[in-house]
Amino acid sequence: MRLNGTMRINDRGHLEIGGCDTVELAQHFGTPLYVMDEALIRENCCRYYRSFVEKFGKAEVIYASKAFMNLAMCCLVEEEGLGLDVVSGGELYTALRAKFPPQRIYFHGNNKSREELRMALEAKVGRIVVDNAQELELLQELAAQFDTRANILLRITPGIEAHTHEYIRTGQIDSKFGFPLPTGQAMSAIKRALQLPSLVVRGLHCHIGSQIFELESYRYTARVMMDFVAEVTATTGLIVEELDLGGGFGIYYASNDSPAEIEEYADIVMETVREEAMKKGLLVPKVIVEPGRSIVGPAGTTLYTIGTIKEIPGIRTYVAVDGGMGDNPRPALYGARYEAIIANKATVPPTQVVSITGKYCESGDMLIWDIPLAPPSRGDILAVSATGAYNYSMSMNYNRLGRPAVVFVRDGEADVVVEREGYEDLLRNDIIPERMKRKRVVKLASMK
């Protein structure tokens, strides 16, 4: 497993993160346990801020909260000077409860409800990213009722197919997101939006996918979008003030992943937009980017306790842990790959090839296939790296298992930022109807 951030092997031969021995973390907080390297999260936020905002000026970095969100994360993002991208009423509610400045919130989503849009208008969020024609009309209706003017971006589908898994591509024409550019629907949407008195069109948004390594994809996207900016200005007279190019910057999960540096990404995006604006005689728009995975992904590590070890001679050795697809569904969803190490045997050579399986009642509950590890034993602590993004946020209660706790670690201190779910939490929303209670009483009485 590749060490990053504050990870190191301590003198006890244990994996350490944020100055905390992961074996001790597992003993104290239990497993499965999400461990977040707070210093690395802050460093990644700072790198984005320096590379886009400080270096180029006319830019904003907004954290894509769907990657990992809770109250503490909202506070951290605000402290580091980033904005916030939310995609649901629940994410917006969390941000507001954390007292995140609403003017720095961008509200996304392809199927925002009337209630969610009303919440956004009441909170006076900075931008609402309109995804489709029906939402455009609904937002006009609600904004008029509130006697306000909503600042909007229109999400454009540019017709670009990024080289990534089909489930996380979003820029191609055949997508549930946005107004397609090649079909003419994007221009029609802009013309319509400009006719609506309660909406103010501030700019355009696009997003071509996730876990992207090829920086040329971003250069090409910026050029396509700037061509459209020029067309919009020539056709409607609208000066496009803001251009949101989305996120999707890839990270290292396992061998063969080769992400670029954040600084290279910023240079390509910002320089391409400026060059295209100069060529076309346009105002340079404010550029917005939406990193999520690349901020928190590398900073997360999930700790598990090894249980059953099943050897099938000549076939495979299965090593089962006390979590699995309930806390990390990505391998089951789209074959995501991870690396791991036995945290309490970090200096022992990886001489045995095993496959890591979870405890969920599904054959597809496999976390890692065929990984070299130190010879495992029941009770060992397995650390799986790069689990900071889309693990906790996609976790579930399948098989009536509770979601794990989350701790932030920094300078030798560990703080719980999400409590572990217990059995009572699983029952919190369950209700037995009164008619079933009465029937049960009668049945019990008849049995006596």
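The values are calculated or read from the model by the stated rules, or taken from the named source; none is laboratory data. As the structure is a computational prediction, the values presented were derived from the model and not from experiment. Neighbour counts run over all protein chains shown; Cβ positions are idealised from the backbone, glycine included. With ligands, DNA and RNA removed, areas are computed over all heavy atoms of the protein, side chains included. Shrake-Rupley method; radii C 1.70, N 1.55, O 1.52, S 1.80 Å.
State in Å² the accessible area per residue of the chain; use a 1.4 Å probe, count heavy atoms of protein chains only, and round to the nearest integer.
45 Å²
Put +1 on the Cβ of each Lys and Arg and -1 on the Cβ of each Asp and Glu in the chain; which of Leu136, Ile17, Tyr318 then has its Cα farthest toward the positive end of the dipole?
Positive-most Cα among the choices belongs to Leu136.
Could you give the length gained on full extension between Ile9 and Lys280, defined as 0.36 nm per residue of separation minus the Cα-Cα distance, in nm?
92.2 nm
So how do Asp267, Asp147, Asp430, Asp380 rank on accessible area, 1.4 Å probe, biggest first, that is with the largest at the start?
Asp147, Asp430, Asp267, Asp380
How much solvent-accessible surface does Arg127 expose, in Å² to the nearest 10, with a 1.4 Å probe and all protein chains in place?
40 Å²
If the only charges are +1 at each Lys and Arg Cβ and -1 at each Asp and Glu Cβ, what is the size of the charge dipole of the chain around the Cα centre, to the nearest 20 debye?
Dipole of the chain, to the nearest 20 debye: 1580 debye.
Ranked by accessible surface with a 1.4 Å probe, highest first, in what order do Met436, Met226, Met187 come?
These residues rank, largest area first, as Met436, Met187, Met226.
Placing +1 on the Cβ of each Lys and Arg and -1 on the Cβ of each Asp and Glu in segment 352-406, which of Leu401, Ala383, Gly358 has its Cα farthest towards the positive end of the resulting dipole?
It is Leu401.
GNM on the chain, C-alpha springs below 10 Å: top fluctuator among Val348, Val53, Val201?
Val348
Out of Ala383, Ala234, Ala193, any idea which swings most in a Gaussian network model of the chain, alpha carbons joined below 10 Å?
Result: Ala234 has the largest fluctuation of those listed.
Accessible area of Arg316, 1.4 Å probe, to the nearest 10 Å²?
60 Å²
Lysines near Lys176 by alpha-carbon distance under 22 Å, same-chain residues fewer than 8 away left out - which ones?
Lys66, Lys112, Lys191
Would you mind computing, in nm to one decimal, how far apart the modelled labels at Arg378 and Tyr93 are, each placed 7 Å from Cα along Cα→Cβ?
4.3 nm
Can you pull the accessible area of Cys46 for me, 1.4 Å probe, Å² to the nearest 10?
50 Å²
Computed from these coordinates, which is semi-axes √(5λ) of the Cα gyration tensor in Å: [x] 41, 29, 20; [y] 32, 28, 21; [z] 45, 32, 21?
[x]
Any idea what diffusion coefficient segment 193-243 gets from Stokes-Einstein, in µm²/s, Kirkwood Rh on alpha carbon pairs, 25 °C, 0.890 mPa s?
The estimated diffusion coefficient comes to 196 µm²/s.
Once neighbouring chains are kept in place and the probe is 1.4 Å, which whole percent of the accessible area of segment 181-340 is contributed by carbon and sulfur?
That fraction is 51 percent.
With all protein chains present and a 1.4 Å probe, how do Thr272, Thr357 order by accessible area, largest first?
Sorted by accessible area, descending: Thr357, Thr272.
Measuring from a point 7 Å past the Cα of Tyr334 along Cα-to-C-beta, which residues in segment 202-243 have an amide N at less than 11 Å?
Under 11 Å, as judged by backbone N against the label point of Tyr334, lie 209-212 of segment 202-243.
Roughly how big is segment 76-199's charge dipole about its Cα centre, with Cβ charges of +1 (Lys, Arg) and -1 (Asp, Glu), in debye to the nearest 20?
300 debye
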